[in-house]
Amino acid sequence: MKQKADVLQGTLALMVLKTLDVLGPLHGYGIARRIEQISGDLLAVNQGTLYPVLLKLEQEGAIASAWGASENNRRARFYRLTRDGRKQLQAETKDWEQTAAIIARFFEAKAENLS
């Protein structure tokens, strides 16, 4: 049985933004479950970590929230991506793609190619 890894620091906000971009408005529990699902259940999203990130993103203007009814008719706060959030997502995606490309170069490096 695989043990779930914690989400790397600095990546949860990006995952939240991308999840809201792809799936539209979701409540916190739904965001957490979708991130775990998209990861192939390799990541565990702790509620105590998620909600501070949601609050921070909302304070920054990247997401907005409103109260609504969940699938089981319970009151829940739904989060959605804002225009500023889309801009932030684009910038962070570009940064992460560049970082991933740099790291990939190190995994591909061979001693004979460095001389």
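The values are calculated or read from the model by the stated rules, or taken from the named source; none is laboratory data. Model, not experiment: these values are computed from the prediction. Using ideal geometry, Cβ is built from the backbone for each residue, glycine included, and neighbour counts are taken over all protein chains shown.
Looking at V45, is it under 13 Å from A32 (Cα atoms) and touching an Asp or Glu at 6+ places or on another chain (Cβ under 8 Å)?
Values: under 13 Å from A32 (Cα atoms): yes; touching an Asp or Glu at 6+ places or on another chain (Cβ under 8 Å): yes.
So V45 fits the description; yes.
Restricting the first residue to the range 83-99 and requiring it to be under 17 Å from T19 (Cβ atoms), which pairs with a second residue that is among the charged types (D, E, K, R) meet a Cβ separation below 6 Å and a spacing of at least six or different chains?
Hits for this filter: L89/D21.
If you go through the range 77-115, how many residues are in a strand (DSSP E or B) and among the aromatic types (F, W, Y)?
Taking the range 77-115 first, the residues in a strand (DSSP E or B) are 77-81.
Subsequent filtering for residues that are among the aromatic types (F, W, Y) retains 78-79.
Counting residues in the range 77-115 that are in a strand (DSSP E or B) and among the aromatic types (F, W, Y) gives 2.
Suppose the filter is at pLDDT below 95 and surrounded by 21 or more Cβ atoms within 10 Å (Cβ to Cβ); does V45 pass it?
Values: at pLDDT below 95: yes; surrounded by 21 or more Cβ atoms within 10 Å (Cβ to Cβ): yes.
In short, yes.
Of everything in the range 23-50, what is over 11 Å from the mean Cα position of the chain (by Cα) and in a helix (DSSP H, G or I)? Give them in sequence order.
If the condition is that a residue be over 11 Å from the mean Cα position of the chain (by Cα) and in a helix (DSSP H, G or I), then L23, G28, Y29, G30, R33, Q37, Q47, G48, T49 are the ones that fit.
Is it the case that some residue within the range 24-40 is basic (K, R), under 19 Å from D95 (Cα atoms) and modelled with pLDDT of 95 or more?
Here is the first cut: in the range 24-40, the ones basic (K, R) are 33-34.
Narrowing the set further to residues that are under 19 Å from D95 (Cα atoms) leaves none.
Scanning the range 24-40 turns up no residue that is basic (K, R), under 19 Å from D95 (Cα atoms) and modelled with pLDDT of 95 or more.
Would you please name the residue that is surrounded by the most Cβ atoms within 10 Å (Cβ to Cβ), looking only at residues in the range 54-76 that are at pLDDT below 95 and not in a strand (DSSP E or B)?
Here the answer is S70.
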